[in-house]
Each structure stands twice: as structure tokens, then as C-alpha cells.
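Peer 1: The structure that follows is given in the form of C-alpha cells.
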Ligand SMILES: NC(=O)c1ccc[n+]([C@@H]2O[C@H](COP(=O)([O-])OP(=O)(O)OC[C@H]3O[C@@H](n4cnc5c(N)ncnc54)[C@H](O)[C@@H]3O)[C@@H](O)[C@H]2O)c1
């Protein structure tokens, strides 16, 4: 499934050097993952959140590795969260970007 990850210019440079988006901080239940959204506009907001330019990476991930972001409300099915435009985490160490959009 196609999802997006937004990051600032510094993060984007590091991701391009590494070739992968790395799992971030521990979150819910101590699991770590890559924060993703089905909404391009939401990824743009994350990319620009620290001021300055940013980058939105487009990724393709298997739905099996996704969990709902607990901050997305009281919906626990990943399918429902995505349909509602909520955020998810890919529970993997790295995700390889397919495309990037400078924003
Ligand atoms: N970033 C998004 O597009 C996005 C999408 C949905 C939800 N969220 C929410 O925003 C909050 C913060 O998310 P976050 O994405 O900033 O995660 P995070 O707070 O765990 O921070 C990890 C940071 O490291 C960066 N990074 C990834 N790979 C890297 C690499 N190879 N080298 C250097 N830096 C790298 C990420 O872009 C991110 O800025 C979370 O609570 C999450 O729920 C973010």
C-alpha cells in the first residue's frame, strides 16, 4: 500500500545517504516503527513542522507490518484508520523510499 513520510531537509539528507527511512522512537507498547500517513497533505505538514523546506517520501509497504497510531483515536483496525486518513506505524527497522517530493 502507498503511504507517505514527511521529514525536514536534514532528515531527508540523512535518509538519502542511508537509502532508507529508519524506525523512530519507541512508542506505544515499546515497539518502534516508521510513522506513516495515507495523506500527502499531512506528510507535508510533518515535513514543514520544524520550519524551512522538507521532503515527503512515498513508500510502498505491506499492510501486514502496519499498526494504528494510538494517537489516531479509538479505531484499532489499520484498515479503518487508513480509510479515515489516520496515521500508522510500519513495525520494521527500515522502509525504502520509492519517490520523493520536495515541499
Ligand atoms: N513523519 C510523518 O510523516 C508522520 C506520519 C504520521 C504520523 N506522524 C507522527 O508524528 C510524530 C513524529 O513522527 P516522526 O516521523 O518525526 O518520528 P520520530 O519522532 O520517531 O523521529 C524520527 C525522525 O528521524 C528521521 N529519520 C528517518 N530515517 C532517518 C535516517 N536514515 N537518518 C536520519 N534521520 C532519519 C525521521 O524522518 C524523523 O524525523 C509521531 O508521533 C507520529 O505519530 C508522523
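The values are calculated or read from the model by the stated rules, or taken from the named source; none is laboratory data. These figures come from a predicted structure and were not determined experimentally. Neighbour counts are summed over all protein chains in view; Cβ atoms, including those assigned to glycine, are modelled from backbone coordinates with ideal geometry.
Peer 1: From the list 81, 42, 92, 56, which residue is touching a helix residue (DSSP H, G or I) at 6+ places or on another chain (Cβ under 7 Å) and in a helix (DSSP H, G or I)? So that I can check it myself, show each step before the final result.
Peer 2: Working: 42 fails: touching a helix residue (DSSP H, G or I) at 6+ places or on another chain (Cβ under 7 Å); 92 fails: in a helix (DSSP H, G or I); 56 fails: in a helix (DSSP H, G or I).
Among 81, 42, 92, 56, only 81 is touching a helix residue (DSSP H, G or I) at 6+ places or on another chain (Cβ under 7 Å) and in a helix (DSSP H, G or I).
Peer 1: Restricting attention to the stretch 2-33, and to residues there that are within 7 Å of the ligand (Cβ to nearest atom) and modelled with pLDDT under 95, which single residue is nearest to residue 81 (Cα to Cα)? Spell out how you get there, then give the answer.
Peer 2: So in the stretch 2-33, the residues within 7 Å of the ligand (Cβ to nearest atom) come out as 4-8, 11, 14-15, 18, 20-22, 24-25, 27.
So of that shortlist, the ones also modelled with pLDDT under 95 come out as 24-25, 27.
Details: 24: 20, 25: 21, 27: 17 Å.
Checked the stretch 2-33; the qualifying residue nearest to residue 81 (Cα to Cα) is 27.
Peer 1: So, one more: Quick one: in the stretch 59-78, which of the residues that are part of a loop (DSSP other than H, G, I, E, B) and over 15 Å from residue 23 (Cα atoms) is nearest to the chain's Cα centre (by Cα)? Show your work before the answer.
Peer 2: We begin by selecting, within the stretch 59-78, every residue part of a loop (DSSP other than H, G, I, E, B); these are 61-62, 69, 73-77.
Then drop every residue that is not over 15 Å from residue 23 (Cα atoms), which leaves 62, 73-77.
Values: 62: 13, 73: 17, 74: 20, 75: 18, 76: 18, 77: 17 Å.
The residue in question is 62.
Peer 1: Being surrounded by fewer than 12 Cβ atoms within 10 Å (Cβ to Cβ) and at pLDDT below 90 is the filter; apply it to the stretch 70-91 and report the residue that is nearest to residue 44 (Cα to Cα).
Peer 2: 71
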